[in-house]
Each structure stands twice: as C-alpha cells, then as structure tokens.
Amino acid sequence: MRLQRTCGLVLAVGCAGRALPAGNPAPVQPLIVTADGVGPITAKTQALLTPLREALRGYDVTPHNVGDLQYDVARNGEPLFYVVPNADDGLVFNVHVTSARVAVAGKRWRVGQRLTDTHALDSCECWGTQPICYKTGEQVAAVVDHVCELQPDEVKGAAIVRIVWSPRPFGNPDDDTDRQSDEPPEGDD
C-alpha cells in the first residue's frame, strides 16, 4: 500500500520533483534530421493537418497555400521547416528545414552555415535558382546559396539555405517522380 502512495506522489510532482500544471503538454523534444525523417515525421506520416499536429505536439503547424499546399512548422513564432504533402497518397513528399535550430545527424550541416564536407557529396542539381547537393542514395540533401550548373566540389564554402529530407533516396535512377517544385515558396531565403 505504501508503494502505491509513493507512486502517486511521483506522478503528481513529476520526475524532476516539480509540480506539472494540469493539461501541460509533454516537453518538446529537439528536432533532428536523420535518414528516417525529421523528428517524429517519417515516410509513414500522413501529411495532413491533424496527424501533423498530433506528431508535432508543442509546435505550431499551419497550412499554407503557396500554389501548392504545404504545412509550416514553427516554435514560439520561429519558422523551423515546412512539410510538402504527396498528392498521390497523402504521405510526406519531402520536408524543407529552414532554421539553424534543426540539426542533421551525422553531418555538420545547419541552415546558415557554410558547407564544408563536400567530399561526401556526389551530385548537385538545380531546384529553381539554387542547387541541391546530395550523396546518391541518401535521403538528406543541402540546398546552397550558389549558382546552378555546378559540380559538388564547387559548392564548398557556400551557405546552406535549406536542408531537405525525402522519404525516397536522392539520385535514384529508378525513381522518375519529380520531388521538387521549380521555385521555393516566397520567404524561404
């Protein structure tokens, strides 16, 4: 019986020994881009408002129509990334990270920093007016502030303007699906 009372006390004050207000959402976990996704967003995530809000509790998720629908994700008013839905199946088409607050696992890539580890890249292609560079077969790529029509070794030192995660590997010759739009949405500099 005493154990039950102790457990109840632990639940009431929380693990850190402080009281948690009723209805307070769970602490927000830092977002990290991995091969599997961006934070809780994976290839199986439905890119619809309600499922995204459930997956991203503690973050602001708002629909935004920029010619095509996307979902903007922010925290305390700071834009972090946007999710582009796949019109065919309603799942995530890709995720565009626009904030330095979102880290990339296994890479020294952050928005606003200079691209230094270009030895790990083998391809760049134009997305609108900027190149996106990646290692073929990986699911994370960097969009850099540089002119298009270049080789991966030519982007060394260029500023990263976006990190893109895709459920499908980049550079897959068997994948004939166009994964980008011609121009990034306005305001994503």
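The values are calculated or read from the model by the stated rules, or taken from the named source; none is laboratory data. Nothing here was measured: the structure is a model prediction, and the numbers come from that model. Neighbour counts run over all protein chains shown; Cβ positions are idealised from the backbone, glycine included.
Of the numbered conditions (1) within 14 Å of Ala105 (Cβ to Cβ); (2) surrounded by 14 or more Cβ atoms within 10 Å (Cβ to Cβ); (3) at pLDDT below 95, Gly37 satisfies every one except a single condition; which is it?
So Gly37 meets the others, but not (3).
Looking only at region 63-74, count every residue that is over 13 Å from the mean Cα position of the chain (by Cα) and surrounded by 15 or more Cβ atoms within 10 Å (Cβ to Cβ) and tell me the total. Let's see the steps before the verdict.
So the first thing to find is which residues in region 63-74 are over 13 Å from the mean Cα position of the chain (by Cα), and the list is 63-69.
Filter again for surrounded by 15 or more Cβ atoms within 10 Å (Cβ to Cβ), leaving 66, 69.
Counting residues in region 63-74 that are over 13 Å from the mean Cα position of the chain (by Cα) and surrounded by 15 or more Cβ atoms within 10 Å (Cβ to Cβ) gives 2.
Taking region 113-146 only, how many residues are surrounded by fewer than 18 Cβ atoms within 10 Å (Cβ to Cβ) and within 11 Å of Ile163 (Cβ to Cβ)?
Summing the residues that are surrounded by fewer than 18 Cβ atoms within 10 Å (Cβ to Cβ) and within 11 Å of Ile163 (Cβ to Cβ) in region 113-146 gives 1.
With respect to Ser123, determine if the residue is at pLDDT 95 or above and of a type in the set (S, T, N, Q).
In short, no.
If I ask for residues that are of a type in the set (A, V, I, L, M, F, W, C) and closer than 20 Å to Ala103 by Cα, which ones from region 117-151 would you list?
Once the filter is applied, which keeps residues that are of a type in the set (A, V, I, L, M, F, W, C) and closer than 20 Å to Ala103 by Cα, region 117-151 yields Ala120, Leu121, Ile132, Cys133, Val140, Ala141, Ala142, Val143, Val144.
Inside region 97-106, can you point out the residues that are surrounded by fewer than 16 Cβ atoms within 10 Å (Cβ to Cβ) and farther than 11 Å from Arg162 by Cα?
Result: Arg101, Ala105, Gly106.
Checking Pro25 against (1) crowded, with 16+ Cβ neighbours inside 10 Å; (2) at pLDDT below 95: exactly one of these is not met. Which one?
Here Pro25 clears every test but (1).
Every residue in region 102-121 that is part of a loop (DSSP other than H, G, I, E, B) and touching a helix residue (DSSP H, G or I) at 6+ places or on another chain (Cβ under 6 Å), please.
Passing the criteria: Leu115, Leu121.
Tell me, yes or no, whether region 78-85 has at least one residue that is assigned to a loop (DSSP other than H, G, I, E, B) and either farther than 14 Å from Val38 by Cα or not β-branched (Val, Ile, Thr) (or both).
No: region 78-85 contains no residue that is assigned to a loop (DSSP other than H, G, I, E, B) and either farther than 14 Å from Val38 by Cα or not β-branched (Val, Ile, Thr) (or both).
Return the residues of region 85-96 that are touching a residue at least 40 places away in the same chain (Cβ under 8 Å) and either surrounded by fewer than 15 Cβ atoms within 10 Å (Cβ to Cβ) or under 11 Å from Ile41 (Cβ atoms) (or both); say none if nothing qualifies.
Selection gives Gly90, Leu91, Val92, Asn94, Val95.
Restricting to region 126-154, name every residue that is among the aliphatic types (A, V, I, L, M) and at pLDDT 85 or above.
Passing the criteria: Ile132, Val140, Ala141, Ala142, Val143, Val144.
For region 63-76, state whether one or more residues are among the hydrophobic types (A, V, I, L, M, F, W, C), under 27 Å from Lys135 (Cβ atoms) and either outside any loop (DSSP other than H, G, I, E, B) or modelled with pLDDT of 95 or more (or both).
yes
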